[in-house]
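Below you'll find the structure, written out as structure tokens, and then a few comments.
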Amino acid sequence: MKRAVAAALCAGFIVFSAGAAPAENGTIPSIRETIQSEQESDFSFRNGIRWGMSPEEVRALENAEMTERTLGDWSVLVTVSPVKVSLYTADLVFMFYQNRLKMINYEFQYDGSMVRYQYLTGALCSVYGESRDPGTYLIKAQMDRIYPDRYTQDWIREAHAWAAQDGTAVYQYFFTTGAYAILYTCPELSGQNSEYDVSGL
């Protein structure tokens, strides 16, 4: 049922790739066209924030008031007040490893209705295409980077995943009974193989 709902939400959206594939007439794009295409495919978050930025660079672009805390090699910037996301608001969290932006998270409060959640699923489909099932283990592995064992796989439900052109992973999921999230992880953290012990396989 969940997959059917996701498919229905994604239906009707067409996503055009900005990749520099040969045109229908067989011509190869010029170097200028290829460079422009690659630049357009780079992941850019709200207000021009990009992976690898420092906390200071993120603060300069995101004008919301934020608090900061450090967790070993990781540090976190959290907005003091909810920010606008599509038609709704959410707490915004920027996560840095050794002062370089690696993950971004929106945390929404659940109001008891799936309407908002499903609307956001459709909005994400309109940007990234049809969603897939990421598996709860992969999401928990990402969350454990910041808060080891704070959340359990049993709490993660209604999960969807997408991939941006540059390899950025986007996840949408409930992580408690009263809240859900949209999580963005940089390409170097997004590969599924790195989350599994593959020895002997």
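Determine whether segment 152-159 contains at least one residue that is at pLDDT 95 or above and surrounded by 17 or more Cβ atoms within 10 Å (Cβ to Cβ). Checked against the condition, which is being at pLDDT 95 or above and surrounded by 17 or more Cβ atoms within 10 Å (Cβ to Cβ), segment 152-159 yields at least one hit.
The lone criterion from (1) in a helix (DSSP H, G or I); (2) within 21 Å of Ala169 (Cα to Cα) left unmet by Arg59 is number (2). Summed over segment 113-146, residues that are free of Cβ contacts under 8 Å to residues at least 24 places away in the same chain and either surrounded by 19 or more Cβ atoms within 10 Å (Cβ to Cβ) or closer than 20 Å to Met95 by Cα (or both) total 2. Give Ala23, Ala64, Ala6 a once-over and let me know the one that is exposed (fewer than 13 other Cβ atoms within 10 Å of the Cβ) and either at pLDDT below 95 or among the basic types (Lys, Arg) (or both). Among Ala23, Ala64, Ala6, only Ala23 is exposed (fewer than 13 other Cβ atoms within 10 Å of the Cβ) and either at pLDDT below 95 or among the basic types (Lys, Arg) (or both). The one condition from (1) in contact (Cβ under 8 Å) with a residue 40 or more places away in the chain; (2) within 16 Å of Ile182 (Cβ to Cβ); (3) crowded, with 18+ Cβ neighbours inside 10 Å that Phe96 does not meet is (2). Of all positions in segment 108-117, at least one carries a residue that is under 27 Å from Pro55 (Cα atoms) and of a type outside the set (Asp, Glu).
Just give me the residues in segment 99-142 being aromatic (Phe, Trp, Tyr) and either at positive phi or in contact with a helix residue (DSSP H, G or I) (Cβ under 8 Å, 6 or more places away or on another chain) (or both), in sequence order. Break it down stepwise before answering.
To start, the set of residues in segment 99-142 that are aromatic (Phe, Trp, Tyr) comprises 106, 108, 110, 117, 119, 128, 137.
If the condition is that a residue be aromatic (Phe, Trp, Tyr) and either at positive phi or in contact with a helix residue (DSSP H, G or I) (Cβ under 8 Å, 6 or more places away or on another chain) (or both), then Phe108, Tyr110, Tyr137 are the ones that fit.
Within segment 167-191, being within 16 Å of Phe96 (Cα to Cα), of a type outside the set (A, V, I, L, M) and buried (at least 20 other Cβ atoms within 10 Å of the Cβ) holds for Thr168, Tyr184, Thr185, Cys186, Ser190. Might you let me know whether segment 179-199 holds any residue that is over 11 Å from the mean Cα position of the chain (by Cα), closer than 23 Å to Gly112 by Cα and at pLDDT 90 or above? Scanning segment 179-199, I find at least one residue that is over 11 Å from the mean Cα position of the chain (by Cα), closer than 23 Å to Gly112 by Cα and at pLDDT 90 or above, so the answer is yes. Checked against (1) at pLDDT 95 or above; (2) under 19 Å from Tyr184 (Cβ atoms), Ser41 meets all criteria but (1). Every condition in (1) at pLDDT below 95; (2) touching a strand residue (DSSP E or B) at 6+ places or on another chain (Cβ under 8 Å); (3) surrounded by 12 or more Cβ atoms within 10 Å (Cβ to Cβ) holds for Arg69 except the one numbered (3).
The values are calculated or read from the model by the stated rules, or taken from the named source; none is laboratory data. Since the model is a prediction, treat every value here as computed from it, not as a measurement. Heads up, the Cβs are rebuilt from the backbone with ideal geometry, glycines too, and the neighbour counts pull from every protein chain shown.
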